[in-house]
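Structure first, commentary second.
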Amino acid sequence: MRDELLTIGRFARLCRLSVKQLRHYDELGLLPPLHVDAGSGYRYYAPEQARDALTIALLREMDLPLAVIARALAAGPERRAGILRAERDRLAERISRDQARLEMLERLAEGGLPGYEVTLGREPERRLAVVRAVCTPAEIGTRVEECVGRLLPVLGRTGTAWEPPLWGLYPLDLEERMEIAVGVRTPQGEAVPGLEFEELPGGLVAETVHIGPYAQLPLAPNALFAAVHERGLRPQAPVREAYLVGPAEAPQEELMTRLVIPVQESTA
């Protein structure tokens with residue numbers, strides 16, 4: 001059998017991997033050698049292991065975690081395809097976020113920090129029918145879309161009229177796991193089967209308006225929070241976004257979002 005096996009050095013060259021990588025994959029149980037000499041500790045590999053080794057190298061080039069690669073190699077064809085498609089979807093989402101960041105940096109490079117007019121005013125009480133979701137900061141956009149996709153069909157099925165705009169409700173701090181909500185105001189605040197309600201108290205608020213793509217929307221709350229702190233005010237949860245002009249009504253450059261933060265006079 002020894003004559004049919006390859007030393008770790010020859011196998012590494014065959015698979016365009018380093019000996020160090022092969023040893024690491026062995027330690028992880030990802031690609032153990034077919035035979036280890038009891039006396040010398042030398043590792044030997046079979047030629048048919050080259051396919052798995054080359055697959056590992058290819059997937060590592062794509063930055064797939066070793067744990068994911070291990071699951072894919074151990075799975076059958078159908079399950080393996082599902083694992084790889086899930087990684088593809090995660091990669092596509094990351095590329096989309098990076099593209100949004102590139103566009104934001106380009107906007108900042110061309111025109112500097114955009115100027116947002118921040119005003120103080122008073123907001124009336126509102127009672128919103130809402131759906132909720134828990135997400136990370138990176139998932140906010142996706143979860144908001146999902147919430148809208150849950151909210152509007154319920155309103156349609158129950159024949160419930162609602163008053164535009166759609167509202168997004170967010171915590172003050174963008175924590176690793178946080179609760180968000182999307183809601184609408186219904187006439188007289190009537191109950192809607194299958195939906196919760198969120199009572200938004202009235203009072204003093206700071207607000208501004210963002211015009212442009214949602215990908216550049218983070219610029220607005222930064223300006224809003226800065227103005228709040230500069231004026232010695234204390235922000236209160238939830239941060240509110242009113243989607244005055246949405247994607248179904250205008251191109252990305254003309255989207256209009258009103259951002260509202262309830263505030264209190266600082267006692268410090």
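The values are calculated or read from the model by the stated rules, or taken from the named source; none is laboratory data. Computed from a predicted structure; not experimentally measured. Here the Cβ positions follow ideal geometry from the backbone for every residue, glycine too, while neighbour counts run over all protein chains shown. These accessible areas exclude ligands, DNA and RNA; they are computed on the full protein's heavy atoms, side chains included. Shrake-Rupley method; radii C 1.70, N 1.55, O 1.52, S 1.80 Å.
With point charges of +1 on the Cβ of Lys and Arg and -1 on the Cβ of Asp and Glu, referenced to the Cα centre of the chain, which listed residue (Gly76, Pro153, Val263) lies farthest in the positive direction of the dipole?
Toward the positive end, the furthest listed residue is Gly76.
Excluding ligands, DNA and RNA, what is the solvent-accessible area per residue of segment 156-268 at a probe of 1.4 Å, expressed in Å²? Each step should come with its number before you reach the end.
Details: 5770 Å² over 113 residues.
Heavy-atom SASA per residue in segment 156-268 reads 51 Å².
Cα atoms only: what Rg and Dmax, in Å, come out for segment 38-93?
Cα radius of gyration and Dmax of segment 38-93 are 14.1, 50 Å respectively.
So what's segment 102-145 giving for Rg/Rh, alpha carbon basis, Kirkwood Rh from the mean inverse pair distance?
On the way: Rg = 16.6 Å, Rh = 14.7 Å.
Value, to two decimals: 1.13.
Return the tail of the calculated pair distribution for the chain, meaning the percent of Cα-Cα pairs more than 29 Å apart. Walk me through the numbers before you get to the answer.
Working: 18772 of 35778 pairs.
Looking at the chain, the distances longer than 29 Å represent 52 percent of pairs.
Going from the alpha-carbon gyration tensor of segment 2-137, what semi-axes, largest first and in whole Å, does one get by taking the root of 5 times each eigenvalue? Don't jump to the answer; show the numbers that get you there.
Values: eigenvalues 531, 77, 32 Å².
Sorted largest first and rounded, they come to 52, 20, 13 Å.
Starting from the Kirkwood radius over alpha-carbon pairs of segment 160-211, derive D by Stokes-Einstein at 20 °C in a medium of 1.002 mPa s and give it in µm² s⁻¹. Could the numbers behind the result be given before it?
Numbers: Rh = 13.5 Å.
In µm²/s, the coefficient rounds to 159.
In a Debye calculation with equal point scatterers on the alpha-carbon sites of segment 109-216 and no solvent, what is log10 I(q)/I(0) at q = 0.10, 0.18, 0.21, 0.23 Å⁻¹?
The calculated log intensity ratios at q = 0.10, 0.18, 0.21, 0.23 Å⁻¹ are -0.35, -1.05, -1.26, -1.34.
Suppose the Debye formula is applied to equal point scatterers at every Cα of segment 171-248; what is log10 I(q)/I(0) at q = 0.14, 0.26 Å⁻¹?
Reported log10 I(q)/I(0), two decimals: -0.63, -1.44.
Once you compute Rg and the Kirkwood Rh from C-alpha atoms, what is the Rg to Rh ratio for segment 211-268?
Values: Rg = 13.5 Å, Rh = 12.5 Å.
Here Rg/Rh amounts to 1.08.
What value does segment 74-168 have for Rg/Rh, both radii from Cα atoms and Rh as Kirkwood defines it?
Values: Rg = 20.0 Å, Rh = 17.9 Å.
Taking Rg over the Kirkwood Rh, I get 1.11.
Please work out the Cα center distance from segment 153-182 to segment 71-145, rounded to the nearest Å.
Distance between centres, Cα-based: 16 Å.
Which percent of the accessible area of the chain is formed by carbon and sulfur heavy atoms (probe 1.4 angstrom)? If you can, show how the numbers build up before the last one.
Values: 8290 of 15750 Å².
Here carbon and sulfur together make up 53 percent of the probe-accessible area.
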